[in-house]
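Below: the structure, in structure tokens.
The values are calculated or read from the model by the stated rules, or taken from the named source; none is laboratory data. Everything quoted here is computed from the prediction, not taken from an experiment. Here the Cβ is made from the backbone with ideal geometry for all residues, glycine too, and neighbour counts use every protein chain on show. Heads up: the accessible areas ignore ligands, DNA and RNA and are worked out on the full protein's heavy atoms, side chains in. Shrake-Rupley method; radii C 1.70, N 1.55, O 1.52, S 1.80 Å.
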Amino acid sequence: METPQIEMGGFKVNTPQVPNGGLRPTMAGSWNSRGTIEMTLRSIRIVIFTSKLNLLMPFGPASIILHFTSRRHGLVFLFSMLGITPLAERLGYATEQLAIYTGPTVGGLLNATFGNATEMIIAIYALKNGMIRVVQQSLLGSILSNMLLVLGCAFFAGGLIHRNKDQVFSKATAVVNSGLLLMAVMGLMFPAVLHFTHSEVRQGASEVVLSRFSSCIMLVAYASYLYFQLSGRSNIYSPIGSEEVPNEDATEEEEEAEISMWEAVTWLAVLTLWVSVLSEYLVNAIEGASDSLNLPVAFISVILLPIVGNAAEHASAIMFAMKDKLDITLGVAIGSSTQISMFVIPFCVVIGWMMGQKMDLNFQLFETATLFITVLVVAFMLQDGTANYMKGLMLILCYLIVAASFFVHVDPQSSE
């Protein structure tokens, strides 16, 4: 009776045989466990060790240790911020990997949900602690950062690389996103105008009711936008005058997944849990960091906090602009701003409603005016469908003006 052989790594290995012709259960179990361990190690290597940004991950545990061993809130805040930054980038990576398996429709919903998961988690923890102004200002800061800093740096870097020509992108995408952003500005403006003109039917209650109603409308509008975008309308968003030539290499590259579907789901759960843990320490350290670093809470919320969630968008938008893929750059920068303004902000109002917190769309006059002017500036920059380094430089300089404004701005509610 011949002993069956299995070829492993180019060598033939004799395997013990039991009477029914199968392998011994102990040997089969050990090979299965070995395969599971190898698959786990490979997944860890791909997700953790392939990104240089993950060198910042040790700052996360360090912030927790500092929280319990010292009262230096400034360091706890900075370390938490640095620790969350690579997690936000890896969350985006895991979402993209899962979207390959789920298809474009479900993938679009996943990107809408997990694309700004970091901002949502930080906002929910701040809402839980009653820090409504921190929620409003951090989400506003994410929109301003994406529209001015991220898009400006992408245009500037792409313009320097392609100095001899104007880069072209789809006007249709810019027009639709600009329209949604203006709708979001309208949703934020009316509660603020209602508050500052003292024309409410019920003082202090009407603006909250209006905000909740407007939030539901904005969520419906964003869901309609997702359906419109994913239901066979993708041909509208190609640049005018360009011929659609299918690139087989690009298609294969897009469809090739580096990790399995269940690995992507597991990493999404693990990363979301770790981000939520660090977000709690980050939010608790904001007020102490404001005192120790001698920075206004408004500046921390609008300028510093968005750096955490936008690190991944910043890097990828610049990379695609340098490769002359501005449509993807717009999808990253302006698309993320649209998600926050039309999905995350209304979602936080609804969540605050469930928590019993009076989260509303009254972002105060200064913040609402800043957003309105920013949307107008970016809409004018995008109207001709071209980009160059001069436009990028103008957007970056506009962001510096906004940052300086919030550095000297005193929040009226905190002063009261």
Next on the checklist: So the label point goes 7 Å from the Cα of Met394 along Cα→C-beta, right? Which residues of the stretch 157-173 then have their backbone N under 19 Å from it?
Outcome noted: 157-172
Item to check | Over the stretch 308-377: Rg over Rh, Cα atoms, Kirkwood Rh | outcome: 1.09
Next on the checklist: As a test question: what accessible area, to the nearest 10 Å², does Tyr125 have when a 1.4 Å probe is rolled over all protein chains in place?
Outcome noted: 50 Å²
Checklist outcome for this item: Semi-axes in Å, largest first, for the stretch 121-219 (Cα gyration tensor, √(5λ)) are 35, 18, 11
Next on the checklist: Quick check: residue separation of Ile44 and Leu293 times 0.36 nm, minus the Cα distance between them. What number comes out in nm?
Outcome noted: 86.0 nm
Next on the checklist: What's the ranking of 157-169, 346-358 by average number of surrounding C-beta atoms within 10 Å, highest first?
Outcome noted: 346-358, 157-169
Checklist entry - Roughly how much of Val270 is accessible, in Å² to the nearest 10, using a 1.4 Å probe? => result 80 Å²
Item to check | Distant-in-sequence amide H partners of Gln167 (H built 1.01 Å from N, under 5 Å) | outcome: Ala387
Checklist entry - So which of Lys171/Lys323; Lys52/Lys358; Lys52/Lys323 end up more than 30 Å apart, counting from Cα to Cα? => result Lys52/Lys358
Checklist entry - Hey, if we sort Glu96, Glu313 by accessible area with the 1.4 Å probe, largest down, what's the order? => result Glu96, Glu313
Checklist entry - So what J values fall out for the stretch 322-333 if you push phi through Karplus, 6.51 cos²θ - 1.76 cosθ + 1.60 with θ = phi - 60°, rounded to Hz, Gly and Pro as x? => result 5, 8, 6, 10, 6, 4, 5, 4, 5, x, 6, 7
Checklist entry - For Ile401, Ile100, what's the largest-to-smallest order of accessible area, 1.4 Å probe? => result Ile401, Ile100
